[in-house]
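Participant: Handing you a structure now.
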Amino acid sequence: MSLSEAQAAARLLREGYNELPSQKKKNILSTFMGVVREPMLLLLTGGGLVYFFLGEPSDALMLLSFVFVVIGITVYQERKTEKTLDVLRNLSSPRALVIRDGKERRIAGREVVREDTIILREGDRVPADARVISCSSLSVDESLLTGESVPVRKREWNVSLDGDKDVAPGGDDLPYVYSGTLVVGGHGIAEVRSIGINTRMGKIGRALQSIRGEDTLLQKETSRIVRVFFLAGMILSSLVTVLYGLTRGDWPGGILFGLTLGMAVLPEEFPVVLVIFLTLGAWRISRDNVLTRRAAAIETLGAASVLCVDKTGTLTLNSMELDGLFASGTYFWPEAGKSGLLPDKFHDVLEYGILAGQRDPFDPIEKELKRSGERFLSGSEHIHTNWTLVKEYPLSKELLALSHVWESPDRKNYIIASKGSPEAIADLCHLSEEARRELSGHIETLAGKGLRVLGVAKAAFRKTELPEEQHDFIFEFMGLLGFSDPVRPGVPQAIKEAYEAGIRVIMITGDYPGTAVNIASQIGLKNPEKYITGQELETLSFDELKVKIRDINIFPRMVPEQKMTVIDALKANGEVVAMTGDGVNDAPALKSAHIGIAMGKHGTDVAREASALVLLDDDFSSIVHAVGMGRRIFFNLKKAVAYIFAVHIPVAGMAFLPVLLNMPIVLLPAHIAFLELIIDPACSTVFESHPPMPGNMKVPPRRLEEPLFDRRTLVFSILQGLGVLAVVFALYIYALRGGAGVDTARTAAFIALVLSNLMLIFANLGRQSGMISVLKEKNRALRLVIFGAMSALTAILSIPLLRKLFHLSAVSAGELFLPLAAAALALLWLELLKFIMRRGRKPA
């Protein structure tokens with residue numbers, strides 16, 4: 001008896017909506033607050049406020065403007081990501097056809113309540129866990145929950161036989177259907193037993209709440225660098241203030257120049273660089289249909305050493321392909337993608353296989369049979385568009401075969417086509433024991449190739465009242481059809497590229513070992529003959545698994561909890577694990593892995609929310625591109641950090657040394673601000689836009705703990721900065737001793753410092769190449785920064801008002817020689833230093 005609308009409304013109010021557990025949806029305020037609580041941004045904000053209260057509003061506004069830009073970019077990116085996920089979430093939020101007040105009604109899946117009567121038809125997604133009241137040839141794809149690519153058949157619930165059991169999904173002839181699964185054949189009526197978090201899908205989603213996600217090390221590393229810079233800036237600024245006040249008796253001037261030095265050292269670039277690199281990285285891989293839920297996961301992906309993948313829907317298409325036929329004692333193996341000719345002896349087995357299916361199919365096997373008919377039999381007498389379906393004999397637990405009875409306008413008898421398990425078809429055809437043994441060998445031949453095998457038979461019956469059972473027909477055995485779940489086209493190449501990049505690929509699936517081994521061989525997985533099943537895993541201790549897992553790449557018949565065990569064992573061995581999957585059964589492992597990668601088209605909202613990345617087009621090869629992007633981001637970020645450190649040495653030195661040596665001041669706040677206008681876009685957009693190094697995906701992954709700023713990089717940056725400082729400061733002393741005024745000497749030093757800054761950009765971009773090679777790279781941002789810096793420098797030197805604001809003097813063409821020579825000398829030092837460092841590098 002169906003519920004009434006009033007009863008359903010009351011139950012909805014009492015028990016809540018039929019929704020899966022998910023992360024709390026962020027509004028724009030919570031997103032904003034999450035961004036501004038970042039320690040690095042708080043540091044910038046505090047620095048800006050200090051400048052403001054000490055009477056430097058221009059410096060304060062400049063500093064705070066960076067904060068607002070970063071906040072704006074991050075909030076926009078996160079809101080855009082959440083909106084995209086909302087759209088994706090709707091893909092797995094089904095509509096439901098229910099019976100209320102004795103009438104059919106189509107409602108939102110979230111409005112289904114317990115004890116609702118739902119109607120299930122081919123192509124429907126089941127909105128809740130339910131027991132089947134009545135059905136006809138009902139089959140359901142439960143791969144999202146079990147990993148099984150082949151649909152399972154359902155039967156009617158029997159109160160005396162089944163009672164009120166809570167039975168897990170998987171296997172044929174269960175009287176239950178489960179939320180999120182897909183009806184691929186037949187139809188039925190079911191009564192809802194569980195909704196929302198109490199469904200099988202919801203219980204797996206609930207398990208995610210106890211899993212702690214992995215934090216990226218990049219923010220920690222950057223925070224450490226910021227703290228070092230901050231402390232150094234505080235110490236040097238205080239020292240400059242005291243020295244200036246004591247030696248010159250000008251304490252207000254000491255505070256001003258102390259703040260100038262602090263501004264030169266303050267690491268406002270670091271948080272800008274980190275956010276921009278990751279945000280633009282997310283944007284770049286989004287062009288390859290990869291949605292980033294957590295931008296920091298991109299750089300972690302660059303360190304991935306193991307990629308764990310689910311088979312069904314990830315490595316395979318979760319569809320079927322006719323790969324083998326057997327008839328009249330011979331085999332035929334169709335060539336994929338070629339129309340070709342089907343030998344005559346195989347026409348009948350394909351013809352009757354099609355007749356035993358649906359005319360408008362949804363089931364993958366039925367769809368493939370229809371395609372094969374169009375491919376091999378189109379225009380022949382074996383396609384019967386004018387025949388009428390008279391009766392269906394559905395699959396049953398007793399007989400795993402179905403039969404369709406057809407009426408032909410030009411035949412006296414009914415034509416019956418039957419299709420099902422080979423054993424059931426052999427039973428229908430009453431084959432002798434010898435014939436069955438012979439048939440068993442042919443079945444093993446097809447199954448050995450990883451194919452799902454179906455038998456086909458035909459019969460004829462006079463046009464009178466049809467019998468109740470299929471056994472009453474006299475069937476003739478026609479042959480066998482073998483179907484494979486094809487591998488996604490780009491997977492073998494993607495696996496090969498992963499191996500070239502030093503990334504190990506592991507298959508974790510709920511499917512059978514034979515199928516997993518066959519797929520592994522097709523995609524080029526290493527050691528395909530070795531595997532550990534879920535049952536075997538239960539007998540292993542965690543330490544034993546850690547040892548065995550080092551050369552095992554196939555894990556079939558795994559349940560969700562076991563997938564997490566495999567992930568944890570890999571992590572315990574020091575691996576950086578990326579996990580891909582599309583089903584609810586993958587969600588706990590997606591959350592537990594360092595980087596979870598969910599499929600966007602066929603995945604569930606639970607899987608997406610557990611993941612860091614979502615493949616919008618389900619293209620496995622996009623993962624490899626994402627790995628390459630992660631590597632590119634890290635190495636370019638490392639170059640940017642080295643540049644930031646190096647460029648701050650001459651800037652800070654030119655602010656500090658004149659005070660220490662009681663010489664005229666060189667750099668004023670306006671000069672620092674101008675240099676920042678070069679430094680900031682250079683270290684963010686220029687380095688971020690730089691193409692990856694040659695062979696980026698031909699080397700092993702880096703260690704996850706590898707710091708951005710290791711000892712080698714530190715030494716390289718210090719030597720770079722000290723060399724530029726020595727050249728610029730020597731030029732300044734030379735100009736002063738040559739009789740030039742303070743403004744003239746400052747002008748020469750300022751020009752040399754700006755040009756040397758550009759030389760530092762070239763040197764750090766082209767660690768393995770020279771300046772000419774860097775200029776040849778497709779880096780539009782670099783050209784814009786060079787053009788902007790030179791144009792602004794020219795304007796400052798040419799326009800009297802700007803020269804006055806910057807305390808500079810007019811420069812003749814002859815007076816440009818010394819700054820240009822100093823910049824050339826700095827470039828020579830930087831290139832010599834790169835040569836020495838390359839010679840001293842240990843081979844990889």
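The values are calculated or read from the model by the stated rules, or taken from the named source; none is laboratory data. From a predicted model like this one, the values you see are computed outputs, not experimental measurements. Because the Cβ atoms are built from the backbone with ideal geometry, glycine has one as well, and the counts that use them run over all protein chains shown. All accessible areas refer to the heavy atoms of the entire protein, side chains included, with ligands and DNA or RNA removed. Shrake-Rupley method; radii C 1.70, N 1.55, O 1.52, S 1.80 Å.
Participant: Which of the residues belonging to the range 373-393 are acidic (Asp, Glu) and not in a loop (DSSP other than H, G, I, E, B)?
Facilitator: GLU374, GLU392
Participant: Does GLY163 meet the test of being open to solvent by less than 30 Å² (accessible area, probe 1.4 Å), without any contact (Cβ under 8 Å) to a residue 24 or more places away in the chain and of a type outside the set (A, V, I, L, M, F, W, C)?
Facilitator: yes
Participant: Can you tell me which residue is nearest to LEU138 (Cα to Cα) among those in the range 96-127 that are in a strand (DSSP E or B), touching a residue at least 40 places away in the same chain (Cβ under 8 Å) and of a type in the set (Lys, Arg)?
Facilitator: Going through the qualifying residues, I end up with ARG121.
Participant: Within the range 402-440, how many residues are in contact with a helix residue (DSSP H, G or I) (Cβ under 9 Å, 6 or more places away or on another chain), within 17 Å of ALA460 (Cβ to Cβ) and among the small types (Gly, Ala, Ser)?
Facilitator: 3
Participant: While we're looking at this one, here's another question. Looking only at residues that are assigned to a loop (DSSP other than H, G, I, E, B) and among the small types (Gly, Ala, Ser) in the range 166-208, which one is most open to solvent (accessible area, probe 1.4 Å)?
Facilitator: ALA168
Participant: Something else now. Check the range 139-154 and report whether any residue there is over 24 Å from ASP310 (Cβ atoms), open to solvent by 30 Å² or more (accessible area, probe 1.4 Å) and not hydrophobic (A, V, I, L, M, F, W, C).
Facilitator: Taking every residue of the range 139-154 in turn, none turns out to be over 24 Å from ASP310 (Cβ atoms), open to solvent by 30 Å² or more (accessible area, probe 1.4 Å) and not hydrophobic (A, V, I, L, M, F, W, C).
Participant: Shifting gears a bit: Please go through the range 167-192 and give me each residue that is of a type outside the set (A, V, I, L, M) and under 15 Å from LEU144 (Cα atoms), ordered by number.
Facilitator: Correct list: PRO169, GLY170, GLY171, TYR178, SER179, GLY180, THR181.
Participant: Something else now. Restricting the first residue to the range 712-727 and requiring it to be free of Cβ contacts under 8 Å to residues at least 60 places away in the same chain and part of a helix (DSSP H, G or I), which pairs with a second residue that is loosely packed, with under 15 Cβ neighbours inside 10 Å and not aliphatic (A, V, I, L, M) meet a Cβ separation below 8 Å and a spacing of at least six or different chains?
Facilitator: From the range 712-727, no pairs qualify.
Participant: Return a yes/no flag: does the range 165-174 have any residue that is touching a helix residue (DSSP H, G or I) at 6+ places or on another chain (Cβ under 6 Å), at negative phi and at pLDDT 80 or above.
Facilitator: Looking for residues that are touching a helix residue (DSSP H, G or I) at 6+ places or on another chain (Cβ under 6 Å), at negative phi and at pLDDT 80 or above, one finds at least one in the range 165-174, hence yes.
Participant: Could we say that LEU301 is surrounded by 22 or more Cβ atoms within 10 Å (Cβ to Cβ), closer than 29 Å to LEU145 by Cα, touching a helix residue (DSSP H, G or I) at 6+ places or on another chain (Cβ under 9 Å) and at pLDDT below 90 here?
Facilitator: Spelling it out, LEU301 is indeed surrounded by 22 or more Cβ atoms within 10 Å (Cβ to Cβ), closer than 29 Å to LEU145 by Cα, touching a helix residue (DSSP H, G or I) at 6+ places or on another chain (Cβ under 9 Å) and at pLDDT below 90.
Participant: Quick check on this structure: which one of LEU802, LEU775, LEU755, LEU828 is at pLDDT 85 or above and surrounded by fewer than 20 Cβ atoms within 10 Å (Cβ to Cβ)?
Facilitator: LEU828
Participant: Right, another one. Identify, by number, the condition in (1) over 29 Å from GLU688 (Cα atoms); (2) open to solvent by 90 Å² or more (accessible area, probe 1.4 Å); (3) of a type outside the set (A, V, I, L, M) that ARG783 doesn't meet.
Facilitator: Evaluating ARG783 over (1) over 29 Å from GLU688 (Cα atoms); (2) open to solvent by 90 Å² or more (accessible area, probe 1.4 Å); (3) of a type outside the set (A, V, I, L, M) leaves (1) as the failure.
Participant: In the set ARG783, ARG767, which member is at pLDDT below 90, closer than 15 Å to ALA682 by Cβ and within 33 Å of the chain's Cα centre (by Cα)?
Facilitator: Sole residue among the options that is at pLDDT below 90, closer than 15 Å to ALA682 by Cβ and within 33 Å of the chain's Cα centre (by Cα): ARG783.
Participant: Kindly provide the set of residues from the range 394-419 that are assigned to a strand (DSSP E or B), closer than 19 Å to SER137 by Cβ and at pLDDT below 90, ordered by number.
Facilitator: Once the filter is applied, which keeps residues that are assigned to a strand (DSSP E or B), closer than 19 Å to SER137 by Cβ and at pLDDT below 90, the range 394-419 yields nothing.
Participant: For the range 337-367, how many residues meet the condition of being modelled with pLDDT under 90 and part of a helix (DSSP H, G or I)?
Facilitator: Going through the range 337-367 one residue at a time, the tally reaches 4.
Participant: From the list GLU398, GLU321, GLU351, GLU381, which one is closer than 20 Å to ILE416 by Cβ, crowded, with 17+ Cβ neighbours inside 10 Å and charged (D, E, K, R)?
Facilitator: Just one listed residue meets the conditions, GLU351.
Participant: Where residues in the range 476-507 are out of contact with any helix residue (DSSP H, G or I) (no Cβ under 9 Å at 6 or more places or on another chain) and of a type in the set (Asp, Glu), which of them is most open to solvent (accessible area, probe 1.4 Å)?
Facilitator: GLU476
Participant: Filter the range 447-472 down to residues that are aliphatic (A, V, I, L, M) and at pLDDT 85 or above and give me whichever is nearest to TYR414 (Cα to Cα).
Facilitator: ALA460
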